[in-house]
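Data first, discussion second: the structure below is written as structure tokens.
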Amino acid sequence: MISDDIDYTDAQMLRSKAEEKLRQKQKSAEYQDKEADVQKLLHELQVHQIELEMQNEELKQAYQISEAALKKYTLLYDFAPMGYITLDADGGICDLNFTAAEMLGEKRFSLMNSNFKLFVADESKPVFNEFFRRINNSHFKESCKIKLGYENTFLCYVYIEGISTGDEGQCLLSVVDINPYNAQKNR
């Protein structure tokens with residue numbers, strides 16, 4: 001059906017109507033382009049959200065693994081039946097476990113930064129000093145037996161093995177109480 005108000009022989013009127021239809025099509029195309037851009041953006045955001053959720057899940061798993069490792073470390077180090085002590089190059093206590101603190105007769109936190117040599121009985125100091133010198137000069141495991149004590153207070157006899165960490169300038173010691181009295185008491 002042909003519209004009565006359009007004269008298709010009138011070129012100017014025909015052109016005007018054609019331009020109007022073109023503008024309507026362009027507006028529709030612009031709307032469709034904007035809608036496509038919005039869809040692309042929405043897709044990108046959804047993909048990014050899923051990536052973040054996956055990373056979050058991976059972080060949760062890593063946290064659980066690190067918590068389990070910390071628990072294992074605490075059991076292996078802090079509550080070991082032998083003493084563990086980390087000394088700096090001057091003999092200062094950097095770290096120690098509960099067993100080592102018990103052997104030294106003090107609370108763990110009060111021993112931090114104390115010099116371990118203060119707890120070596122006078123008659124054992126030459127043996128310990130030679131042991132400590134060997135550790136710091138070589139990177140091999142060394143050992144000695146000494147008496148722990150201070151100010152005429154006997155603590156215990158111990159067997160010590162130690163090794164230098166090298167570049168860090170620290171010494172790792174394992175300390176075992178070899179006091180005959182304690183050995184009989186634990187039977």
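Just one of ASN97, ASN115 is among the polar types (S, T, N, Q), touching a Phe, Trp or Tyr at 6+ places or on another chain (Cβ under 6 Å) and under 25 Å from THR74 (Cα atoms); which is it?
From the options ASN97, ASN115, the qualifying one is ASN97.
What is the number of the single condition among (1) within 17 Å of VAL175 (Cβ to Cβ); (2) loosely packed, with under 10 Cβ neighbours inside 10 Å that THR9 does not meet?
For THR9, the exception is condition (1).
Output the residues belonging to segment 123-150 that are of a type in the set (A, V, I, L, M) and either closer than 15 Å to ALA89 by Cβ or crowded, with 19+ Cβ neighbours inside 10 Å (or both). Walk me through it before giving the result.
Start the filter on segment 123-150 by keeping residues that are of a type in the set (A, V, I, L, M), which leaves 127, 135, 146, 148.
Once the filter is applied, which keeps residues that are of a type in the set (A, V, I, L, M) and either closer than 15 Å to ALA89 by Cβ or crowded, with 19+ Cβ neighbours inside 10 Å (or both), segment 123-150 yields ILE135, ILE146, LEU148.
Can you give me the number of residues within segment 103-122 that are without any contact (Cβ under 8 Å) to a residue 24 or more places away in the chain and either buried (at least 21 other Cβ atoms within 10 Å of the Cβ) or under 28 Å from the mean Cα position of the chain (by Cα) (or both)?
Result for segment 103-122: 8.
Would you check which residues across segment 151-177 are under 18 Å from LEU118 (Cα atoms), among the charged types (D, E, K, R) and either surrounded by fewer than 12 Cβ atoms within 10 Å (Cβ to Cβ) or touching a Leu at 6+ places or on another chain (Cβ under 7 Å) (or both) and list them?
Scanning segment 151-177 gives a single hit, GLU151.
If you go through segment 88-100 one residue at a time, do you hit one that is among the hydrophobic types (A, V, I, L, M, F, W, C), closer than 26 Å to ARG133 by Cβ, in a helix (DSSP H, G or I) and in the same structural domain as VAL175 (by TED's automatic domain parsing)?
Restricting attention to segment 88-100, the residues satisfying the condition of being among the hydrophobic types (A, V, I, L, M, F, W, C) are 89, 93-94, 96, 98, 100.
The next check asks that each one be closer than 26 Å to ARG133 by Cβ; those that pass are 89, 93-94, 96, 100.
Subsequent filtering for residues that are in a helix (DSSP H, G or I) retains 100.
Restricting the remaining residues to those that are in the same structural domain as VAL175 (by TED's automatic domain parsing) gives 100.
Checked segment 88-100: at least one residue is among the hydrophobic types (A, V, I, L, M, F, W, C), closer than 26 Å to ARG133 by Cβ, in a helix (DSSP H, G or I) and in the same structural domain as VAL175 (by TED's automatic domain parsing).
Taking segment 128-152 as the region of interest, how many residues are assigned to a strand (DSSP E or B) and touching a Gly at 6+ places or on another chain (Cβ under 8 Å)?
If we filter segment 128-152 for residues that are assigned to a strand (DSSP E or B), which is where we start, we get 142-150.
With touching a Gly at 6+ places or on another chain (Cβ under 8 Å) added as a condition, the list becomes 142-143.
The qualifying residues number 2.
Answer yes or no as to whether VAL127 is modelled with pLDDT of 95 or more, under 22 Å from THR74 (Cβ atoms) and over 26 Å from the mean Cα position of the chain (by Cα). Show your work before the answer.
Working: modelled with pLDDT of 95 or more: yes; under 22 Å from THR74 (Cβ atoms): no; over 26 Å from the mean Cα position of the chain (by Cα): yes.
It is false that VAL127 is modelled with pLDDT of 95 or more, under 22 Å from THR74 (Cβ atoms) and over 26 Å from the mean Cα position of the chain (by Cα).
The values are calculated or read from the model by the stated rules, or taken from the named source; none is laboratory data. Since we're looking at a predicted model, the values are computed, not measured. Neighbour counts are summed over all protein chains in view; Cβ atoms, including those assigned to glycine, are modelled from backbone coordinates with ideal geometry.
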